[in-house]
Amino acid sequence: MRSDIHIQTKYEPIRFVLFSADLPPANAAAARPAPLKGFLTSPEWHTGGYTDPQYYDDPESTMEFYYIGLSDVMTGMANFPGFDTVVDPRIAASASRGKHSILRFYMDYPQPAGSYVSHTPQFLIDDYNLTMTPWSSVDLNAVGSSPDYSDENLKTALNNFVAALGDRYDGDERIGFIQVGLLGFWGEWHTWTEDSATHSWIPDATKMELIDAFDAAFQTTQVQIRYPHWYAVGANQRQGFGLHDDSFAHSTIDEGVYGAPMSWFFWSQVQATAATDFWMSGAMGGEVRPELQATIFDDNYAAGTQYKQDFGMCADTTHATYMLNYHAFGTSYTGNALVSARAASDQMGYAFRLAEVSVAEGSVGDTVDITATVIQDGIAPFYYDLSIGLACPEGFSVTVGGVDGIVSEGSTASFTFTAVPATSTCLSSLDFSLSSSYALAGAPVKFAQGVSGGTVVEVSLPLPPGSPPSTSPTPSPTTTPVATQAKYICSKNMPLPTTICVEGSLAGGDCANENENNGCQKGGKRCWWNPACLGGDNPPPITPSPTPSTGGCPVCAPTGQPCCGTCIDSGKPSRRGCSA
């Protein structure tokens, strides 16, 4: 039996609880478009570029990705004109569309022969004699030119750049995530070609210096690295450091269908680094492997075969928050594939829901305290500040922080709002909402619950009964003592004590245990008791007729609710207390 749910006795505050079954149901679509999660694309992969991108937006995206060459930003050891001319215009344009930016900077972006452009800052070559090594790969059908990643001047330049980047953009609510990038092909921290001599071009010491630089520069904005490195995750987990897998659902998890352990797969490396809990403090992102994007949500997609992994399984395993998916926005899915893509986008990241709402008499006169319990239905946290708010028409509006602390799927936290006006106007129209300083204008964080298209979850609670008797009650007439007896009603919600006495049955028999299901059939009903009903030959108490309140509706006596229609007196309070 739940000890926190009880019938009011002489001096106890009453407590009324709405459980999950009584609240609006879970509905992932109600949270759309959900900030800082789901599928996304880069505006610069589509017509119109970052200023006016023309792409499909179904599944709805709330982020946009930008590759930016380091040479486009940095022209000297302490000169970064590209912050004003390249970075700011892009993140401002995305924010104007209600979308956060994800940034990755690079120096060596492989391209077919004849179209390659190096993005290693030229001043390092001209003024500091940085060695560049041209390369080509048949497997990649590309060429490039890698800087000497052990060069001290290059490392100094990278440290200076990261410090300036953090000084300017750490905590900028327009930026969702920054991928560490910079090193290797595409900024992915590898230089793999069919020639094994290229594999060791990036010294581990350079990677570690870059990790230290980002850790020092970013205290708020989340950062991510391409592969799990022992210096950043696992036993040395840095706060706010996550990962991104750019071959997602291709070589993410080892399902055991390859004939041998796949130690180079993404999650195998995470396990080897003892970093499987990295997602609790740093987000998981990446890109659906490009050659899988068009078919991964088709009905005949061969999920579970070699290099065709199940998206949902990969997302659950890695606790993914977002994924690049050009096909979703460039060509678009249709039919069942579109339905599946929407569900996959919803699956990623956080999903919060009100699991319970309770009310108790407040310590301040004519007020109540309302406690909301929030459950995490998602597979990853919300990585920035997140608060829950409660408002009602009486002008009450309070926000309580800490929802971002609900990390794991199925975990809960409770938030109490005190001194809420104990009026029918307020309690019959309670609006719960989520808010974050990282939410952009027109793109709020919402509960994954209730109707789609709204921004709040609406809840109605009954009025509390009259105040307890004073400490010096008027002496009762000297008459024969009044006998009392226990009665009960079967109901999902707790009825008022007077309702139990008027319409209830004698406790015992089928309903022998207070607040349990005995004899109450199905549907989540419980036996609600009132042990102090008049008994013996005494008639049941007479309920006074509803009396209108000034400027309002009468009160429905059996439910204690304001009622402007036909009073519902079935013994269990409705949300409004009356029918139309």
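Contact annotation: no residue pair with Cβ atoms under 9 Å, 6 or more positions apart or on different chains, pairs a residue in the stretch 198-222 that is at positive phi with a partner that is surrounded by 15 or more Cβ atoms within 10 Å (Cβ to Cβ).
State the number of residues belonging to the stretch 213-263 that are among the aliphatic types (A, V, I, L, M), assigned to a loop (DSSP other than H, G, I, E, B) and either buried (at least 21 other Cβ atoms within 10 Å of the Cβ) or touching a helix residue (DSSP H, G or I) at 6+ places or on another chain (Cβ under 8 Å) (or both). Break it down stepwise before answering.
Residues of the stretch 213-263 among the aliphatic types (A, V, I, L, M): 213, 216-217, 223, 225, 232-233, 235, 243, 249, 253, 257, 260, 262.
Then keep just the ones that are assigned to a loop (DSSP other than H, G, I, E, B); that gives 232-233, 249, 253, 257, 260, 262.
The next check asks that each one be either buried (at least 21 other Cβ atoms within 10 Å of the Cβ) or touching a helix residue (DSSP H, G or I) at 6+ places or on another chain (Cβ under 8 Å) (or both); those that pass are 232-233, 249, 253, 262.
Matching residues across the stretch 213-263 total 5.
In this structure, Gly176 does not qualify as open to solvent by less than 60 Å² (accessible area, probe 1.4 Å) and part of a loop (DSSP other than H, G, I, E, B).
Taking the criterion of being open to solvent by less than 40 Å² (accessible area, probe 1.4 Å) and over 30 Å from Arg32 (Cβ atoms), would at least one residue in the stretch 90-103 satisfy it? Within the stretch 90-103, none of the residues are open to solvent by less than 40 Å² (accessible area, probe 1.4 Å) and over 30 Å from Arg32 (Cβ atoms).
From the set of residues in the stretch 296-330 that are of a type in the set (Val, Ile, Thr) and in contact with a strand residue (DSSP E or B) (Cβ under 8 Å, 6 or more places away or on another chain), which is farthest from Ala343 (Cα to Cα)? Don't jump to the end; show me each part of the working.
The first filter runs over the stretch 296-330 and keeps only residues of a type in the set (Val, Ile, Thr), leaving 296, 305, 317-318, 321.
Within this subset, residues satisfying the condition of being in contact with a strand residue (DSSP E or B) (Cβ under 8 Å, 6 or more places away or on another chain) are 296, 318, 321.
Numbers: Ile296: 13, Thr318: 17, Thr321: 13 Å.
By that ranking, first place goes to Thr318.
Is the stretch 198-205 home to any residue that is more than 15 Å from Tyr109 (Cα to Cα), open to solvent by less than 10 Å² (accessible area, probe 1.4 Å) and not in a helix (DSSP H, G or I)? No, the conditions are met nowhere in the stretch 198-205.
With the requirement that a residue be in a loop (DSSP other than H, G, I, E, B) and out of contact with any Leu (no Cβ under 7 Å at 6 or more places or on another chain), what does the stretch 61-88 give you? Full working, then the answer.
In the first step, residues of the stretch 61-88 are kept if they are in a loop (DSSP other than H, G, I, E, B); the result is 61-62, 73-75, 77-78, 80-81.
If the condition is that a residue be in a loop (DSSP other than H, G, I, E, B) and out of contact with any Leu (no Cβ under 7 Å at 6 or more places or on another chain), then Val73, Met74, Thr75, Met77, Ala78, Phe80, Pro81 are the ones that fit.
When restricted to residues that are touching a helix residue (DSSP H, G or I) at 6+ places or on another chain (Cβ under 7 Å) and open to solvent by 20 Å² or more (accessible area, probe 1.4 Å), the stretch 156-166 contains 2. Looking only at residues of the stretch 269-291 that are open to solvent by less than 10 Å² (accessible area, probe 1.4 Å) and either in contact with a Gly (Cβ under 8 Å, 6 or more places away or on another chain) or not in a strand (DSSP E or B) (or both), we find that the one that is nearest to Arg104 (Cα to Cα) is Gly285.
When the residues of the stretch 24-60 are filtered to those that are outside any loop (DSSP other than H, G, I, E, B) and crowded, with 24+ Cβ neighbours inside 10 Å, which remaining residue is nearest to the chain's Cα centre (by Cα)?
Let us first name the residues in the stretch 24-60 that are outside any loop (DSSP other than H, G, I, E, B), namely 26, 28-31, 38-41, 43-45.
Cutting the leftovers down to crowded, with 24+ Cβ neighbours inside 10 Å gives us 31, 38-40, 43.
Values: Ala31: 9, Gly38: 11, Phe39: 14, Leu40: 16, Pro43: 24 Å.
Selected residue: Ala31.
When Ala93, Ala34, Ala78 are checked against the criterion of being in contact with a helix residue (DSSP H, G or I) (Cβ under 7 Å, 6 or more places away or on another chain) and touching a residue at least 40 places away in the same chain (Cβ under 8 Å), Ala78 stands alone in meeting it.
Per-residue answers, yes or no, for (1) on the phi > 0 side of the Ramachandran plot; (2) among the polar types (S, T, N, Q); (3) touching a residue at least 24 places away in the same chain (Cβ under 8 Å); (4) open to solvent by 40 Å² or more (accessible area, probe 1.4 Å):
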| residue | (1), (2), (3), (4) |
| --- | --- |
| Val368 | no, no, yes, no |
| Asp377 | no, no, yes, yes |
| Ala380 | no, no, yes, no |
| Ile388 | no, no, yes, no |
| Ser411 | no, yes, yes, no |
| Ala419 | yes, no, yes, yes |
| Ser424 | no, yes, yes, no |
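What residue, of Ser145, Ser118, is part of a loop (DSSP other than H, G, I, E, B) and touching a residue at least 24 places away in the same chain (Cβ under 8 Å)?
On the way: Ser145 fails: part of a loop (DSSP other than H, G, I, E, B).
Result: Ser118 is the single residue among Ser145, Ser118 that is part of a loop (DSSP other than H, G, I, E, B) and touching a residue at least 24 places away in the same chain (Cβ under 8 Å).
Taking the criterion of being under 22 Å from Arg238 (Cβ atoms), among the small types (Gly, Ala, Ser) and within 22 Å of the chain's Cα centre (by Cα), the residues of the stretch 273-319 that qualify are Ala275, Ser281, Gly282, Ala283, Gly285, Gly286. Of all residues in the stretch 390-409, those that are open to solvent by less than 20 Å² (accessible area, probe 1.4 Å) and over 11 Å from the mean Cα position of the chain (by Cα) total 2. The set of residues in the stretch 91-115 being outside any strand (DSSP E or B) and closer than 25 Å to Met323 by Cα consists of Ile91, Ala92, Ala93, Ser94, Ala95, Ser96, Arg97, Gly98, Lys99, Met107, Tyr109, Pro110. For the criterion of being at pLDDT 95 or above and of a type outside the set (Gly, Ala, Ser), Thr418 passes.
Can you find even one residue in the stretch 386-408 that is assigned to a loop (DSSP other than H, G, I, E, B), touching a Gly at 6+ places or on another chain (Cβ under 9 Å) and not hydrophobic (A, V, I, L, M, F, W, C)?
Within the stretch 386-408, the subset assigned to a loop (DSSP other than H, G, I, E, B) is 386, 392-396, 402, 406-408.
Add one more test, that the residue is touching a Gly at 6+ places or on another chain (Cβ under 9 Å), and what stays is 386.
Now drop any that are not not hydrophobic (A, V, I, L, M, F, W, C), which leaves none.
Scanning the stretch 386-408, I find no residue that is assigned to a loop (DSSP other than H, G, I, E, B), touching a Gly at 6+ places or on another chain (Cβ under 9 Å) and not hydrophobic (A, V, I, L, M, F, W, C), so the answer is no.
Put simply, of Leu124, Leu103 the only residue that is free of Cβ contacts under 8 Å to residues at least 60 places away in the same chain and in contact with a Leu (Cβ under 9 Å, 6 or more places away or on another chain) is Leu124. Only residues that are assigned to a helix (DSSP H, G or I) and open to solvent by 20 Å² or more (accessible area, probe 1.4 Å) were counted in the stretch 337-366, giving 7.
The values are calculated or read from the model by the stated rules, or taken from the named source; none is laboratory data. If you're wondering where the values come from, they're calculated on a predicted model, not measured in any experiment. As a convention, Cβ positions derive from the backbone with ideal geometry for all residues, glycine included, and neighbour counts pool all protein chains shown. With ligands, DNA and RNA removed, areas are computed over all heavy atoms of the protein, side chains included. Shrake-Rupley method; radii C 1.70, N 1.55, O 1.52, S 1.80 Å.
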